[in-house]
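Asks: First the structure, then my questions, so here it is.
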Amino acid sequence: MRILVRLGLAAFVLVWIFGPYALRSAVPIWLPFLIALGLELNFFVAGLRPIQPSRPDRSPQAADRERYGYSDDAEELLLVREGDEELWIPYSGEADEELTALDLSPAATDRIEPRRVSPHVRRFATGLALVCVLALVFWIVERNTGWNGLSANTRTEATARFSDEASRVAGKPVTIRCDEAGNYVGAVQHADGVAAVGGELAYLTPERCLDLYRLANKGQVEFNRTGRALAVLAHEAWHLRGVSNEGITECYAFQSGVQLGERFGLSAGTARRMMRRQLAENARLARESPAYRVPAECRGGGSLDLNPDLAQFP
């Protein structure tokens, strides 16, 4: 059991680091570490408890009692030790002193043997070391491959670009920051971005910032992730513009995301397909957050269509 738990923790951490973003956004990384520490402590405490060793029934069987004339249970039998031998003798209430006079002493059949502590301490230390090693691996990977792995100048230039693009959507100068400390957005807040309606500042998760950076600077595209990053940036820009309703903001964001994607280097067709995918997935995602469900008028020719003269939507 202990080995399976440790293997499961190691596998989960590796999948969390290198797997889909949906897992990282749904499960905070500290949760499996906390569970693993709790289980290790549970195993350690359980190992310190003395156990009653299981022993087979050593009393005479019914056939033996009948064979030697004790089938009527008139007298009880007592297990005693004589030297190195253990004997069953008739017992009619003799005291321990009488048994001692007969040079017989009751056999110690219920001796509790405490477990040794050192092996459990050693196993607990091994489990704790594994947790620490996995935490170190996570820290190193995040530091060198994620958004934080980029140089400070690169991050500054990227967020300046995000701010310029968001300003075009918002219709005024605004600032986009990447919440590297996780104080405003992320797994704990269950949000990829946040902005004050009508304000001038919005925060995105480092993961979304990294997706936008890879698109704009490296030309790297992961269809769903890239599309989601564009939609999040556009969504927060519309909040900064003054739109408060989440469903309407989503609708506008999917439409603005097409032009936003083109300015980041996507072809018009690819950007449009990405936003259509985001629109199609809105109904599924809105089951958990109904406020984000786009209204029925979010369609070509509807009252929320920003470009009613275009045949394509979004």
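The values are calculated or read from the model by the stated rules, or taken from the named source; none is laboratory data. Computed from a predicted model, the values in this text were never measured in an experiment. Every residue, glycine as well, gets a Cβ built from its backbone with ideal geometry; the counts of neighbours run over all protein chains shown.
Asks: Restrict the check to the stretch 231-251 and report whether at least one residue is modelled with pLDDT of 95 or more and farther than 25 Å from Glu200 by Cβ. If you could, list the steps in order and put the result at the bottom.
Replies: Pass one, the stretch 231-251, residues modelled with pLDDT of 95 or more: 231-251.
Then drop every residue that is not farther than 25 Å from Glu200 by Cβ, which leaves none.
No, that holds for no residue.
Asks: Is the stretch 264-272 home to any residue that is buried (at least 20 other Cβ atoms within 10 Å of the Cβ) and under 30 Å from the mean Cα position of the chain (by Cα)?
Replies: No: zero hits.
Asks: On to the next question. Give me the pairs: first residue in the stretch 112-131 and under 17 Å from Ala11 (Cα atoms) and in a helix (DSSP H, G or I), second residue at pLDDT below 75 and not hydrophobic (A, V, I, L, M, F, W, C), beta-carbon distance under 6 Å, and six or more apart or on different chains, which are they?
Replies: Leu130/Arg6
Asks: For the stretch 257-271, give me each residue that is in a loop (DSSP other than H, G, I, E, B) and either in contact with a Lys or Arg (Cβ under 7 Å, 6 or more places away or on another chain) or of a type in the set (A, V, I, L, M, F, W, C) (or both). Working first, answer last.
Replies: Applying the first criterion (in a loop (DSSP other than H, G, I, E, B)) to the stretch 257-271 yields 264-267.
Result: Phe264, Leu266.
Asks: Looking at Arg287, is it among the basic types (Lys, Arg) and modelled with pLDDT of 95 or more?
Replies: The answer is no for Arg287.
Asks: What residue, among those in the stretch 4-32 that are of a type in the set (Gly, Ala, Ser) and either outside any helix (DSSP H, G or I) or modelled with pLDDT of 70 or more (or both), is nearest to Leu136 (Cα to Cα)?
Replies: First pass over the stretch 4-32, keeping only residues of a type in the set (Gly, Ala, Ser): 8, 10-11, 19, 22, 25-26.
Add one more test, that the residue is either outside any helix (DSSP H, G or I) or modelled with pLDDT of 70 or more (or both), and what stays is 8, 10-11, 19.
On the way: Gly8: 17, Ala10: 12, Ala11: 15, Gly19: 18 Å.
Result: Ala10.
Asks: State all residues of the stretch 161-206 that are in a loop (DSSP other than H, G, I, E, B) and crowded, with 16+ Cβ neighbours inside 10 Å; if no residue qualifies, say none. Even if it seems obvious, please write down each step before you answer.
Replies: Going through the stretch 161-206, the residues in a loop (DSSP other than H, G, I, E, B) turn out to be 171-174, 179-185, 187-190, 192, 196-200, 205.
Within the stretch 161-206, Val174, Asp179, Tyr184, Val185, Ala187, Asp192, Thr205 meet the criteria.
Asks: Additional query: For the stretch 219-259, which positions are of a type in the set (Gly, Ala, Ser) and touching a Ser or Thr at 6+ places or on another chain (Cβ under 8 Å)? Give the steps one after another, and end with the answer.
Replies: Taking the stretch 219-259 as the starting set, the residues that turn out to be of a type in the set (Gly, Ala, Ser) are 219, 227, 229, 231, 234, 237, 242, 244, 247, 253, 256-257.
Hits for the stretch 219-259 are Ala234, Ala237.
Asks: Regarding Ala158, is this residue assigned to a helix (DSSP H, G or I), within 24 Å of the chain's Cα centre (by Cα) and either in the same structural domain as Glu250 (by TED's automatic domain parsing) or surrounded by fewer than 14 Cβ atoms within 10 Å (Cβ to Cβ) (or both)? Working first, answer last.
Replies: Details: assigned to a helix (DSSP H, G or I): yes; within 24 Å of the chain's Cα centre (by Cα): no; either in the same structural domain as Glu250 (by TED's automatic domain parsing) or surrounded by fewer than 14 Cβ atoms within 10 Å (Cβ to Cβ) (or both): yes.
When the stated conditions are applied, Ala158 does not pass them.
Asks: So Arg287 clears everything in (1) part of a loop (DSSP other than H, G, I, E, B); (2) more than 19 Å from Ala191 (Cα to Cα) except one condition, right? Which one?
Replies: Arg287 satisfies all of (1) part of a loop (DSSP other than H, G, I, E, B); (2) more than 19 Å from Ala191 (Cα to Cα) except (2).
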